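The values are calculated or read from the model by the stated rules, or taken from the named source; none is laboratory data. Not measured: the values here are computed from a predicted model. Cβ sites come from the backbone with ideal geometry, for glycine too, and all protein chains shown count toward neighbours. Heads up: the accessible areas ignore ligands, DNA and RNA and are worked out on the full protein's heavy atoms, side chains in. Shrake-Rupley method; radii C 1.70, N 1.55, O 1.52, S 1.80 Å.
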Amino acid sequence: MAQLLSSSYSLTICSRNKPYLKPVKQCSTPFSIAVSSNNSKPSSRGFFLQEQKLRKHSLSVHAAAVSTSQETPVQTSSGNPFKPQRVMVIGGDGYCGWATALHLSNKGYEVAIVDSLVRRLFDHQLGLESLTPISSIQNRLQCWKSLTGKNIELYIGDICDFEFLSETFKTFEPDAVVHFGEQRSAPYSMIDRSRAVYTQQNNVVGTLNVLFAIKEFREQCHLVKLGTMGEYGTPNIDIEEGYITITHNGRTDTLPYPKQASSFYHLSKVHDSHNIAFTCKAWGIRATDLNQGVVYGVRTDETALHEELYNRFDYDGIFGTALNRFCVQAAVGHPLTVYGKGGQTRGFLDIRDTVQCVELAIANPAKPGEFRVFNQFTEQFSVNQLADLVTKAGEKLGLDVKTIHVPNPRVEAEEHYYNCKNTKLVDLGLKPHFLSDSLLDSVLNFAVQYKDRVDTKQIMPSVSWKKIGVKTKTVTA
(Lines give C-alpha, C1' and ligand atoms only; values in the text may rest on other atoms or scores of the structure.)
Protein backbone atom coordinates (compact mmCIF):
# COMPACT_ATOMS: atom_id res chain seq x y z
CA MET A 1 0.00 0.00 0.00
CA ALA A 2 1.17 3.51 -0.70
CA GLN A 3 2.68 5.52 2.13
CA LEU A 4 2.57 9.29 1.80
CA LEU A 5 5.71 11.23 2.68
CA SER A 6 5.80 14.72 4.13
CA SER A 7 9.16 15.82 2.76
CA SER A 8 9.36 17.69 -0.52
CA TYR A 9 10.73 16.07 -3.68
CA SER A 10 10.40 12.64 -2.10
CA LEU A 11 9.83 9.49 -4.08
CA THR A 12 9.10 6.18 -2.44
CA ILE A 13 8.48 3.00 -4.39
CA CYS A 14 6.76 0.32 -2.36
CA SER A 15 6.27 -3.14 -3.80
CA ARG A 16 5.74 -6.60 -2.48
CA ASN A 17 8.84 -7.63 -4.38
CA LYS A 18 10.57 -4.89 -6.34
CA PRO A 19 9.66 -1.65 -8.12
CA TYR A 20 8.37 -1.84 -11.68
CA LEU A 21 8.02 1.87 -12.42
CA LYS A 22 10.64 4.50 -13.07
CA PRO A 23 10.53 7.58 -10.82
CA VAL A 24 8.16 10.35 -11.89
CA LYS A 25 9.93 13.47 -13.15
CA GLN A 26 10.07 15.95 -10.30
CA CYS A 27 8.62 19.43 -10.59
CA SER A 28 9.84 22.72 -9.21
CA THR A 29 6.85 22.80 -6.89
CA PRO A 30 7.20 20.52 -3.82
CA PHE A 31 5.30 17.27 -4.26
CA SER A 32 5.10 14.26 -1.98
CA ILE A 33 5.03 11.11 -4.07
CA ALA A 34 4.32 7.51 -3.22
CA VAL A 35 4.14 4.54 -5.55
CA SER A 36 2.57 1.18 -4.84
CA SER A 37 2.57 -2.01 -6.84
CA ASN A 38 0.84 -5.34 -6.59
CA ASN A 39 2.91 -6.88 -9.36
CA SER A 40 6.66 -7.27 -9.47
CA LYS A 41 6.98 -7.89 -13.19
CA PRO A 42 7.58 -4.89 -15.42
CA SER A 43 5.75 -4.80 -18.73
CA SER A 44 7.82 -4.96 -21.89
CA ARG A 45 5.06 -3.95 -24.26
CA GLY A 46 5.29 -0.18 -23.78
CA PHE A 47 2.32 1.77 -24.98
CA PHE A 48 0.79 -1.28 -26.63
CA LEU A 49 -0.20 -2.89 -23.34
CA GLN A 50 -3.59 -4.50 -23.25
CA GLU A 51 -5.80 -2.17 -21.22
CA GLN A 52 -6.72 -4.94 -18.80
CA LYS A 53 -3.11 -5.25 -17.64
CA LEU A 54 -3.30 -1.78 -16.14
CA ARG A 55 -5.37 -3.38 -13.39
CA LYS A 56 -2.19 -4.96 -12.02
CA HIS A 57 -0.40 -1.68 -11.32
CA SER A 58 -1.24 1.37 -9.27
CA LEU A 59 0.73 4.56 -8.89
CA SER A 60 -0.34 6.99 -6.18
CA VAL A 61 0.93 10.55 -6.43
CA HIS A 62 -0.05 12.91 -3.64
CA ALA A 63 0.54 16.66 -3.70
CA ALA A 64 0.29 18.05 -0.18
CA ALA A 65 -2.67 20.42 0.00
CA VAL A 66 -2.26 23.74 1.83
CA SER A 67 -5.21 26.03 1.17
CA THR A 68 -4.26 29.61 0.43
CA SER A 69 -7.70 30.64 -0.77
CA GLN A 70 -9.15 33.78 0.75
CA GLU A 71 -12.66 32.83 -0.36
CA THR A 72 -15.33 31.78 2.13
CA PRO A 73 -14.73 28.05 2.68
CA VAL A 74 -17.26 25.72 1.12
CA GLN A 75 -18.91 23.74 3.90
CA THR A 76 -18.45 20.01 4.32
CA SER A 77 -21.36 17.61 4.45
CA SER A 78 -21.15 17.87 8.26
CA GLY A 79 -21.85 21.61 8.01
CA ASN A 80 -18.53 22.76 9.48
CA PRO A 81 -18.11 26.33 8.14
CA PHE A 82 -14.37 26.35 8.88
CA LYS A 83 -13.41 23.33 6.81
CA PRO A 84 -13.63 23.45 2.98
CA GLN A 85 -15.56 20.62 1.40
CA ARG A 86 -13.29 17.90 0.03
CA VAL A 87 -14.11 16.72 -3.49
CA MET A 88 -12.51 13.76 -5.22
CA VAL A 89 -12.60 14.08 -9.03
CA ILE A 90 -12.15 10.64 -10.57
CA GLY A 91 -10.95 10.99 -14.15
CA GLY A 92 -9.61 14.47 -13.42
CA ASP A 93 -7.01 14.34 -16.21
CA GLY A 94 -9.69 14.02 -18.91
CA TYR A 95 -11.65 16.50 -20.99
CA CYS A 96 -14.49 17.19 -18.55
CA GLY A 97 -12.63 16.13 -15.42
CA TRP A 98 -9.68 18.51 -15.82
CA ALA A 99 -11.91 21.54 -16.36
CA THR A 100 -14.06 20.51 -13.39
CA ALA A 101 -11.14 19.96 -11.03
CA LEU A 102 -9.73 23.43 -11.72
CA HIS A 103 -13.15 25.06 -11.46
CA LEU A 104 -13.87 23.48 -8.07
CA SER A 105 -10.40 24.34 -6.78
CA ASN A 106 -10.89 27.93 -7.88
CA LYS A 107 -14.21 28.02 -6.01
CA GLY A 108 -12.59 27.09 -2.71
CA TYR A 109 -13.09 23.33 -2.57
CA GLU A 110 -10.24 21.06 -1.52
CA VAL A 111 -9.78 18.89 -4.60
CA ALA A 112 -8.06 15.60 -5.31
CA ILE A 113 -7.67 14.12 -8.79
CA VAL A 114 -7.78 10.33 -9.14
CA ASP A 115 -6.79 9.07 -12.57
CA SER A 116 -5.04 6.10 -14.17
CA LEU A 117 -3.94 8.31 -17.12
CA VAL A 118 -5.23 5.59 -19.44
CA ARG A 119 -6.82 8.16 -21.75
CA ARG A 120 -3.33 9.27 -22.75
CA LEU A 121 -2.48 5.63 -23.41
CA PHE A 122 -5.41 5.31 -25.80
CA ASP A 123 -3.97 8.11 -27.94
CA HIS A 124 -0.65 6.26 -28.23
CA GLN A 125 -2.35 2.97 -29.01
CA LEU A 126 -4.53 4.42 -31.75
CA GLY A 127 -2.11 6.96 -33.19
CA LEU A 128 -4.25 9.91 -32.11
CA GLU A 129 -3.33 13.31 -30.71
CA SER A 130 -5.22 16.20 -29.16
CA LEU A 131 -5.47 19.34 -31.32
CA THR A 132 -4.09 21.23 -28.35
CA PRO A 133 -0.76 20.20 -26.86
CA ILE A 134 -1.51 19.02 -23.33
CA SER A 135 1.04 18.99 -20.54
CA SER A 136 1.66 16.14 -18.15
CA ILE A 137 -0.65 16.04 -15.16
CA GLN A 138 2.28 16.87 -12.88
CA ASN A 139 3.17 19.99 -14.88
CA ARG A 140 -0.48 20.98 -15.07
CA LEU A 141 -0.83 20.92 -11.29
CA GLN A 142 2.49 22.66 -10.78
CA CYS A 143 1.33 25.47 -13.08
CA TRP A 144 -2.04 25.73 -11.29
CA LYS A 145 -0.32 26.09 -7.93
CA SER A 146 2.16 28.66 -9.19
CA LEU A 147 -0.65 30.79 -10.67
CA THR A 148 -3.22 30.49 -7.88
CA GLY A 149 -1.43 29.25 -4.77
CA LYS A 150 -3.94 26.38 -4.65
CA ASN A 151 -2.91 22.75 -4.40
CA ILE A 152 -4.76 19.84 -5.97
CA GLU A 153 -3.88 16.43 -4.61
CA LEU A 154 -3.08 13.72 -7.14
CA TYR A 155 -3.58 9.96 -6.90
CA ILE A 156 -2.55 7.97 -9.96
CA GLY A 157 -4.09 4.51 -10.11
CA ASP A 158 -6.94 2.38 -11.37
CA ILE A 159 -10.24 2.50 -9.48
CA CYS A 160 -10.89 -1.06 -10.64
CA ASP A 161 -8.12 -1.92 -8.15
CA PHE A 162 -10.15 -1.75 -4.94
CA GLU A 163 -7.07 -1.76 -2.70
CA PHE A 164 -5.82 1.41 -4.42
CA LEU A 165 -9.26 3.04 -4.25
CA SER A 166 -9.69 2.10 -0.58
CA GLU A 167 -6.39 3.69 0.39
CA THR A 168 -7.28 6.79 -1.61
CA PHE A 169 -10.64 7.13 0.15
CA LYS A 170 -9.13 6.62 3.61
CA THR A 171 -6.35 9.12 2.90
CA PHE A 172 -8.36 11.93 1.29
CA GLU A 173 -11.72 11.41 3.06
CA PRO A 174 -13.96 13.01 0.41
CA ASP A 175 -17.26 14.72 1.17
CA ALA A 176 -18.23 14.35 -2.49
CA VAL A 177 -16.98 12.20 -5.36
CA VAL A 178 -17.32 13.41 -8.95
CA HIS A 179 -17.00 10.33 -11.13
CA PHE A 180 -15.76 11.00 -14.67
CA GLY A 181 -13.41 8.00 -14.60
CA GLU A 182 -14.84 5.89 -17.39
CA GLN A 183 -14.06 5.01 -20.99
CA ARG A 184 -16.32 7.61 -22.54
CA SER A 185 -16.35 6.94 -26.28
CA ALA A 186 -19.06 5.01 -28.09
CA PRO A 187 -16.85 4.42 -31.17
CA TYR A 188 -14.00 3.17 -28.97
CA SER A 189 -16.33 0.57 -27.46
CA MET A 190 -17.23 -0.59 -30.97
CA ILE A 191 -13.68 -1.01 -32.37
CA ASP A 192 -13.39 -4.70 -31.51
CA ARG A 193 -14.32 -7.31 -28.93
CA SER A 194 -11.46 -6.43 -26.56
CA ARG A 195 -12.45 -2.74 -26.44
CA ALA A 196 -16.11 -3.65 -25.89
CA VAL A 197 -15.14 -5.92 -22.99
CA TYR A 198 -12.72 -3.35 -21.58
CA THR A 199 -15.34 -0.59 -21.72
CA GLN A 200 -17.94 -2.56 -19.81
CA GLN A 201 -15.49 -4.04 -17.32
CA ASN A 202 -13.75 -0.73 -16.65
CA ASN A 203 -16.92 1.33 -16.37
CA VAL A 204 -19.18 -1.05 -14.47
CA VAL A 205 -16.57 -2.51 -12.11
CA GLY A 206 -15.01 0.88 -11.46
CA THR A 207 -18.36 2.38 -10.50
CA LEU A 208 -19.18 -0.63 -8.31
CA ASN A 209 -15.88 -0.13 -6.51
CA VAL A 210 -16.70 3.53 -5.90
CA LEU A 211 -20.08 2.54 -4.45
CA PHE A 212 -18.49 -0.02 -2.13
CA ALA A 213 -15.83 2.49 -1.07
CA ILE A 214 -18.49 5.04 -0.15
CA LYS A 215 -20.43 2.42 1.82
CA GLU A 216 -17.35 1.17 3.65
CA PHE A 217 -15.38 4.36 4.31
CA ARG A 218 -17.49 7.52 3.70
CA GLU A 219 -21.18 6.70 4.04
CA GLN A 220 -22.26 10.36 4.00
CA CYS A 221 -20.24 11.08 0.83
CA HIS A 222 -22.31 12.35 -2.09
CA LEU A 223 -21.68 10.64 -5.44
CA VAL A 224 -21.99 12.89 -8.49
CA LYS A 225 -21.82 10.50 -11.44
CA LEU A 226 -21.48 11.52 -15.06
CA GLY A 227 -24.10 9.66 -17.06
CA THR A 228 -25.17 10.28 -20.63
CA MET A 229 -28.29 11.34 -22.48
CA GLY A 230 -27.49 8.40 -24.75
CA GLU A 231 -28.98 6.07 -22.14
CA TYR A 232 -32.44 7.16 -23.28
CA GLY A 233 -31.99 6.62 -27.00
CA THR A 234 -34.43 8.44 -29.28
CA PRO A 235 -37.96 7.43 -28.17
CA ASN A 236 -41.04 8.80 -29.91
CA ILE A 237 -42.17 10.45 -26.66
CA ASP A 238 -40.76 13.25 -24.52
CA ILE A 239 -37.71 12.31 -22.46
CA GLU A 240 -38.20 13.09 -18.77
CA GLU A 241 -35.44 13.58 -16.20
CA GLY A 242 -34.74 10.06 -15.07
CA TYR A 243 -38.27 8.99 -14.17
CA ILE A 244 -41.63 8.73 -15.89
CA THR A 245 -45.12 8.39 -14.41
CA ILE A 246 -47.11 5.69 -16.18
CA THR A 247 -50.75 4.64 -15.89
CA HIS A 248 -51.27 1.05 -17.05
CA ASN A 249 -54.45 -0.99 -16.73
CA GLY A 250 -55.88 1.49 -14.26
CA ARG A 251 -52.79 1.62 -12.00
CA THR A 252 -50.20 4.41 -11.80
CA ASP A 253 -46.55 4.33 -10.82
CA THR A 254 -43.41 6.43 -11.25
CA LEU A 255 -40.65 4.32 -12.76
CA PRO A 256 -37.13 4.79 -14.14
CA TYR A 257 -37.34 6.13 -17.67
CA PRO A 258 -36.87 3.30 -20.26
CA LYS A 259 -33.32 2.91 -21.59
CA GLN A 260 -32.43 2.31 -25.25
CA ALA A 261 -28.65 2.35 -25.38
CA SER A 262 -26.97 2.38 -28.80
CA SER A 263 -23.43 1.10 -28.12
CA PHE A 264 -21.50 -1.00 -25.63
CA TYR A 265 -20.38 2.28 -24.04
CA HIS A 266 -23.94 3.51 -23.59
CA LEU A 267 -24.94 0.13 -22.23
CA SER A 268 -22.21 0.40 -19.58
CA LYS A 269 -23.77 3.69 -18.48
CA VAL A 270 -27.18 2.02 -18.21
CA HIS A 271 -25.68 -0.70 -16.01
CA ASP A 272 -24.06 2.02 -13.86
CA SER A 273 -27.40 3.76 -13.38
CA HIS A 274 -29.09 0.55 -12.28
CA ASN A 275 -26.29 -0.26 -9.84
CA ILE A 276 -26.33 3.22 -8.33
CA ALA A 277 -30.12 3.24 -7.99
CA PHE A 278 -30.01 -0.14 -6.24
CA THR A 279 -27.30 0.91 -3.75
CA CYS A 280 -29.16 4.12 -2.93
CA LYS A 281 -32.17 2.00 -2.03
CA ALA A 282 -30.27 -0.79 -0.27
CA TRP A 283 -27.47 1.12 1.48
CA GLY A 284 -28.79 4.67 1.74
CA ILE A 285 -26.14 6.13 -0.57
CA ARG A 286 -26.82 9.65 -1.81
CA ALA A 287 -26.23 10.04 -5.55
CA THR A 288 -26.84 12.40 -8.46
CA ASP A 289 -26.66 11.05 -12.00
CA LEU A 290 -25.87 13.79 -14.52
CA ASN A 291 -27.11 12.56 -17.88
CA GLN A 292 -24.93 14.80 -19.99
CA GLY A 293 -25.44 15.74 -23.61
CA VAL A 294 -22.69 16.30 -26.15
CA VAL A 295 -20.06 18.74 -24.86
CA TYR A 296 -18.36 21.33 -27.05
CA GLY A 297 -15.74 24.01 -26.53
CA VAL A 298 -12.31 23.92 -24.94
CA ARG A 299 -11.86 26.98 -22.74
CA THR A 300 -13.06 27.65 -19.22
CA ASP A 301 -12.02 30.58 -17.06
CA GLU A 302 -9.43 28.39 -15.38
CA THR A 303 -7.96 26.51 -18.37
CA ALA A 304 -7.53 29.82 -20.23
CA LEU A 305 -5.15 31.17 -17.58
CA HIS A 306 -2.05 29.54 -19.10
CA GLU A 307 -1.21 27.24 -21.99
CA GLU A 308 0.10 24.66 -19.49
CA LEU A 309 -3.53 24.40 -18.28
CA TYR A 310 -5.05 23.92 -21.75
CA ASN A 311 -7.61 21.18 -22.00
CA ARG A 312 -7.49 18.44 -24.58
CA PHE A 313 -9.44 18.99 -27.83
CA ASP A 314 -10.29 15.79 -29.68
CA TYR A 315 -11.26 15.98 -33.35
CA ASP A 316 -10.79 12.38 -34.52
CA GLY A 317 -13.58 9.95 -35.38
CA ILE A 318 -13.25 8.03 -32.11
CA PHE A 319 -13.10 10.61 -29.32
CA GLY A 320 -14.05 13.85 -31.06
CA THR A 321 -17.55 15.25 -30.49
CA ALA A 322 -19.66 16.63 -33.33
CA LEU A 323 -19.27 20.40 -33.02
CA ASN A 324 -15.58 20.27 -32.09
CA ARG A 325 -14.95 17.97 -35.05
CA PHE A 326 -16.80 20.26 -37.46
CA CYS A 327 -14.81 23.30 -36.31
CA VAL A 328 -11.50 21.53 -36.92
CA GLN A 329 -12.66 20.25 -40.30
CA ALA A 330 -13.63 23.79 -41.30
CA ALA A 331 -10.28 25.15 -40.11
CA VAL A 332 -8.25 22.77 -42.29
CA GLY A 333 -10.50 22.94 -45.35
CA HIS A 334 -11.94 19.43 -44.97
CA PRO A 335 -15.64 19.03 -45.79
CA LEU A 336 -17.84 18.69 -42.73
CA THR A 337 -18.62 14.98 -42.30
CA VAL A 338 -22.34 14.57 -41.67
CA TYR A 339 -23.26 10.95 -40.93
CA GLY A 340 -26.16 9.72 -43.03
CA LYS A 341 -29.12 12.08 -43.43
CA GLY A 342 -27.96 14.33 -40.60
CA GLY A 343 -31.30 14.49 -38.82
CA GLN A 344 -29.86 12.92 -35.67
CA THR A 345 -30.79 15.31 -32.85
CA ARG A 346 -29.11 15.49 -29.46
CA GLY A 347 -28.73 17.76 -26.44
CA PHE A 348 -25.57 19.91 -26.36
CA LEU A 349 -23.78 22.08 -23.81
CA ASP A 350 -20.71 24.27 -23.47
CA ILE A 351 -17.94 22.82 -21.31
CA ARG A 352 -18.30 25.91 -19.12
CA ASP A 353 -21.77 24.64 -18.28
CA THR A 354 -20.46 21.16 -17.51
CA VAL A 355 -18.35 22.53 -14.65
CA GLN A 356 -21.19 24.78 -13.52
CA CYS A 357 -23.63 21.83 -13.38
CA VAL A 358 -21.23 19.70 -11.34
CA GLU A 359 -20.71 22.51 -8.86
CA LEU A 360 -24.47 22.97 -8.49
CA ALA A 361 -24.96 19.26 -7.86
CA ILE A 362 -22.27 19.26 -5.15
CA ALA A 363 -23.61 22.41 -3.47
CA ASN A 364 -27.13 20.93 -3.42
CA PRO A 365 -26.54 17.28 -2.52
CA ALA A 366 -29.00 14.42 -2.75
CA LYS A 367 -30.52 13.15 0.48
CA PRO A 368 -29.39 9.84 1.97
CA GLY A 369 -31.01 7.06 -0.07
CA GLU A 370 -31.95 9.42 -2.91
CA PHE A 371 -31.00 8.72 -6.52
CA ARG A 372 -31.48 11.94 -8.47
CA VAL A 373 -31.24 12.20 -12.23
CA PHE A 374 -30.59 15.54 -13.96
CA ASN A 375 -30.56 15.90 -17.74
CA GLN A 376 -27.44 18.01 -18.30
CA PHE A 377 -27.69 19.94 -21.55
CA THR A 378 -28.75 23.43 -22.58
CA GLU A 379 -29.87 23.22 -26.23
CA GLN A 380 -30.92 20.70 -28.85
CA PHE A 381 -29.52 20.57 -32.39
CA SER A 382 -29.55 18.17 -35.29
CA VAL A 383 -26.26 17.34 -36.99
CA ASN A 384 -27.43 19.25 -40.07
CA GLN A 385 -28.16 22.33 -37.94
CA LEU A 386 -24.67 22.19 -36.45
CA ALA A 387 -23.13 21.92 -39.92
CA ASP A 388 -25.11 24.98 -41.06
CA LEU A 389 -24.00 26.99 -38.02
CA VAL A 390 -20.34 26.12 -38.53
CA THR A 391 -20.59 26.88 -42.26
CA LYS A 392 -21.99 30.37 -41.64
CA ALA A 393 -19.47 31.12 -38.87
CA GLY A 394 -16.61 29.87 -41.05
CA GLU A 395 -17.64 32.05 -43.97
CA LYS A 396 -17.47 35.14 -41.72
CA LEU A 397 -13.85 34.22 -41.01
CA GLY A 398 -13.06 33.77 -44.69
CA LEU A 399 -13.14 29.96 -44.62
CA ASP A 400 -14.56 28.01 -47.55
CA VAL A 401 -16.71 25.45 -45.71
CA LYS A 402 -18.33 22.55 -47.55
CA THR A 403 -20.45 19.67 -46.24
CA ILE A 404 -20.59 16.04 -47.34
CA HIS A 405 -22.90 13.28 -46.23
CA VAL A 406 -20.97 10.08 -45.50
CA PRO A 407 -22.34 6.59 -44.86
CA ASN A 408 -23.38 6.40 -41.23
CA PRO A 409 -21.01 4.06 -39.33
CA ARG A 410 -23.49 3.84 -36.46
CA VAL A 411 -26.79 2.03 -36.11
CA GLU A 412 -29.23 4.80 -35.24
CA ALA A 413 -32.31 6.64 -36.45
CA GLU A 414 -31.28 9.46 -38.78
CA GLU A 415 -34.62 11.27 -38.59
CA HIS A 416 -36.63 11.14 -35.38
CA TYR A 417 -38.62 12.96 -32.71
CA TYR A 418 -36.53 14.37 -29.88
CA ASN A 419 -37.76 16.50 -26.99
CA CYS A 420 -35.94 16.28 -23.64
CA LYS A 421 -36.75 17.94 -20.34
CA ASN A 422 -33.89 19.77 -18.58
CA THR A 423 -35.35 21.97 -15.86
CA LYS A 424 -33.80 20.63 -12.64
CA LEU A 425 -30.36 22.18 -13.04
CA VAL A 426 -31.89 25.47 -14.18
CA ASP A 427 -34.01 25.42 -11.03
CA LEU A 428 -30.81 25.05 -9.00
CA GLY A 429 -29.34 28.14 -10.66
CA LEU A 430 -27.69 27.06 -13.91
CA LYS A 431 -26.96 30.05 -16.13
CA PRO A 432 -26.41 28.50 -19.57
CA HIS A 433 -23.86 29.61 -22.16
CA PHE A 434 -25.90 29.17 -25.30
CA LEU A 435 -24.21 28.47 -28.61
CA SER A 436 -23.60 31.88 -30.18
CA ASP A 437 -21.74 33.35 -33.13
CA SER A 438 -19.06 34.63 -30.78
CA LEU A 439 -18.54 31.17 -29.25
CA LEU A 440 -18.33 29.56 -32.68
CA ASP A 441 -15.86 32.24 -33.77
CA SER A 442 -13.77 31.51 -30.69
CA VAL A 443 -13.69 27.74 -31.27
CA LEU A 444 -12.99 28.17 -34.98
CA ASN A 445 -10.15 30.62 -34.31
CA PHE A 446 -8.74 28.19 -31.78
CA ALA A 447 -8.88 25.41 -34.38
CA VAL A 448 -7.19 27.64 -36.96
CA GLN A 449 -4.45 28.51 -34.46
CA TYR A 450 -3.55 24.83 -34.07
CA LYS A 451 -4.45 23.54 -37.53
CA ASP A 452 -0.84 22.52 -38.22
CA ARG A 453 -1.31 19.82 -35.58
CA VAL A 454 -4.26 18.23 -37.39
CA ASP A 455 -3.77 14.75 -38.82
CA THR A 456 -6.34 14.69 -41.61
CA LYS A 457 -6.19 10.88 -41.75
CA GLN A 458 -8.02 10.83 -38.42
CA ILE A 459 -11.00 12.88 -39.60
CA MET A 460 -13.08 10.30 -41.44
CA PRO A 461 -14.91 7.68 -39.34
CA SER A 462 -13.08 4.37 -39.15
CA VAL A 463 -15.22 2.35 -36.73
CA SER A 464 -18.33 0.53 -37.94
CA TRP A 465 -21.08 -0.66 -35.59
CA LYS A 466 -21.92 -3.53 -37.94
CA LYS A 467 -18.36 -4.61 -38.77
CA ILE A 468 -17.03 -4.90 -35.21
CA GLY A 469 -15.09 -8.14 -34.89
CA VAL A 470 -13.10 -10.27 -32.49
CA LYS A 471 -9.67 -9.45 -33.92
CA THR A 472 -7.92 -6.78 -31.87
CA LYS A 473 -7.04 -3.61 -33.77
CA THR A 474 -4.02 -1.64 -32.62
CA VAL A 475 -4.18 1.42 -34.90
CA THR A 476 -7.29 2.52 -36.77
CA ALA A 477 -5.71 5.06 -39.11
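Here is how the numbers come out for the structure above:
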quantity	calculated
Gap separating the Cα centres of region 323-395 and region 427-443, nearest whole Å	10 Å
Normalised per residue, the volume of the convex hull around the Cα set of region 84-456 (Å³)	135 Å³
Dmax and Rg, reported as Rg then Dmax, of region 166-238 (C-alpha, Å)	15.2, 48
Built amide H within the under 5 Å cut-off of residue 336, gap 5+	402, 403, 404
Accessible-area value, residue 124, 1.4 Å probe, nucleic acids and ligands omitted, Å²	100 Å²
Under 17 Å from residue 259, Cα to Cα: aspartates and glutamates that are on another chain or at least 8 residues apart	231, 238, 240, 241, 272, 289, 412
Unit charges at the beta carbon, dipole of region 201-296: most positive-side option, 262, 292, 275	275
Entries in 367/431; 145/431; 341/402; 107/150; 107/421; 83/150 that, when Cα-Cα distance is taken, lie over 18 Å	367/431; 145/431; 107/421
Global form of region 382-477, assessed from the alpha-carbon gyration tensor, a/c cut-off 1.5	oblate
